[in-house]
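Here's the structure, in structure tokens; my notes come after.
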Amino acid sequence: PLDAVAIQHSAAKLFFEDGKVDKAVETFRRALHGAETSGNPQLKSKITLNLANALTGQEEPHEAMELYDELLDTKSLKKTKISFMTRFNKCLLLIKMGEFDEAKEVLHRIRENPSSMANDMRASVFFTLGNLALSDGNIDEAMEYFNHALDEAGDGDVSALVYTKKSIAMAQLDVGESDKAISTLEDVLEDISYLGVDGKSVNLLKAEIWNCLARVYKKKEDLHEAIIFARLALQTYKTDLGETNPITLRNVTNLQLLLLEEAEELEDYDDAKSVTDAAKYELEDTLNAFESLDYPRTYRLDVATLKTNMGFLAVWEGKPKKARKLARQIEEIELPLEHALVHRITVLEERLEDLEKTGGIRDADIEEPKKRSNRNSKGGGQRSSRKSKRR
């Protein structure tokens, strides 16, 4: 029945919005089958587009591209709103695949198209062009696109407002204007309050801004403030998405890494060890949670990132056997060669080899036992600050 298909389609969209990409793909497939059986071409095209978007998120680019092209080749959809939406989402996939020039060309064609059917996409197009300019280091060009995006979105589009101003703040951070970035992000939070909107979607937008504030304060080397905002974001994700949601789990990881950095600056050894041990257990629990999720391929980057960070932590603790075990597990994970994580894994391997050559003793630890012994004999003392090799 058509109603059942519509319900499945709505459920799949909710799964996707909550970051449960695997469940979204599975449910979109069932809805698509139902739409094909019921003979409703309009609903079928909407489900096909959403399935392609979910497949993009599930790291299945080839099937996603086939579905986008299928929609673009459908004559009845030419110059319709869904056609422009398909072109835009195909651009996002092209960007993800590294096909930047082709993506820019299509984005500019959408921007210049006079059809009213493209109006709803213009803000997103300018926003994406701004992010591409930002990644190319063209800050002025990026700001121009972001301002166009704000003009096209209007005051009523809360999501466009938040994401565009967030990108403006990150551009300001990239050029070293961290105070301006903080001011921009605080303005976004005020804008949301002024609009008087609330609910789950707005809470999640606020969480994104808090995460950005955590990033800015970390760049300013103000870990205390960074941790405060990271905790705010994490609590929101736990409340609105659940503790085992992939987005929540990623934020657990981010918070623990901040706590580990803070622990490095603590002068009291016992305090630092207590924080480090707690963070390590949280990371291990998060890793177990990711590995227990369905469709492990979808979350392989999360698993690889966690194991890499845990490998650096093991090296920092002077535990070569544990670090080597993690390194072997990482080798078994299929990663894109151009992914930034590949470089970090290479660095981990180099530092692990250095640790193994010293028999599990880091250079920084050679004098450490003497210092600890002296502190214990004096009934206390302070631990010298050590910079971690996790970075």
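The values are calculated or read from the model by the stated rules, or taken from the named source; none is laboratory data. Just so it is clear, the structure is predicted and the values come from calculations on it, not from any experiment. Cβ placement follows ideal geometry from the backbone for every residue including glycine, while neighbour counts extend to all protein chains displayed. Note: accessible area is taken over every heavy atom of the protein model, side chains too, but ligands, DNA and RNA are not part of it. Shrake-Rupley method; radii C 1.70, N 1.55, O 1.52, S 1.80 Å.
Conditions tested, residue by residue: (1) free of Cβ contacts under 8 Å to residues at least 40 places away in the same chain; (2) farther than 29 Å from residue 16 by Cβ.
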position	(1), (2)
208	no, no
215	no, no
227	yes, yes
232	yes, no
251	no, no
280	yes, yes
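Here residue 337 fulfils each of the conditions (1) more than 18 Å from the chain's Cα centre (by Cα); (2) surrounded by 15 or more Cβ atoms within 10 Å (Cβ to Cβ); (3) not charged (D, E, K, R) apart from (2).
Scanning the stretch 194-213 for residues that are touching a Ser or Thr at 6+ places or on another chain (Cβ under 6 Å) and under 19 Å from residue 172 (Cβ atoms) gives no hits. Exactly one residue out of 125, 162, 216 is within 17 Å of the chain's Cα centre (by Cα), under 29 Å from residue 105 (Cα atoms) and of a type in the set (A, V, I, L, M, F, W, C), and it is 162. Output the residue which, of all residues in the stretch 106-159 that are open to solvent by 80 Å² or more (accessible area, probe 1.4 Å), among the acidic types (Asp, Glu) and part of a helix (DSSP H, G or I), is farthest from residue 95 (Cα to Cα). Across the stretch 106-159, the extreme among qualifying residues is 151.
When the stretch 315-334 is filtered for residues that are loosely packed, with under 13 Cβ neighbours inside 10 Å and closer than 20 Å to residue 356 by Cα, the ones remaining, listed by number, are 321, 328, 331. Taking the criterion of being small (Gly, Ala, Ser) and open to solvent by 20 Å² or more (accessible area, probe 1.4 Å), the only residue of the stretch 290-314 that qualifies is 292.
Against the numbered list (1) of a type outside the set (D, E, K, R); (2) over 29 Å from residue 335 (Cβ atoms); (3) open to solvent by 50 Å² or more (accessible area, probe 1.4 Å), residue 244 comes up short only at (2). Looking across the stretch 4-29 at every residue that is more than 14 Å from residue 295 (Cβ to Cβ) and open to solvent by 50 Å² or more (accessible area, probe 1.4 Å), the one that is farthest from the chain's Cα centre (by Cα) is identified as 7. From the list 59, 70, which residue is assigned to a loop (DSSP other than H, G, I, E, B), open to solvent by 30 Å² or more (accessible area, probe 1.4 Å) and not basic (Lys, Arg)? Result: 59 is the single residue among 59, 70 that is assigned to a loop (DSSP other than H, G, I, E, B), open to solvent by 30 Å² or more (accessible area, probe 1.4 Å) and not basic (Lys, Arg).
A residue that is among the aliphatic types (A, V, I, L, M), part of a helix (DSSP H, G or I), free of Cβ contacts under 8 Å to residues at least 24 places away in the same chain and surrounded by 14 or more Cβ atoms within 10 Å (Cβ to Cβ) occurs somewhere in the stretch 89-97.
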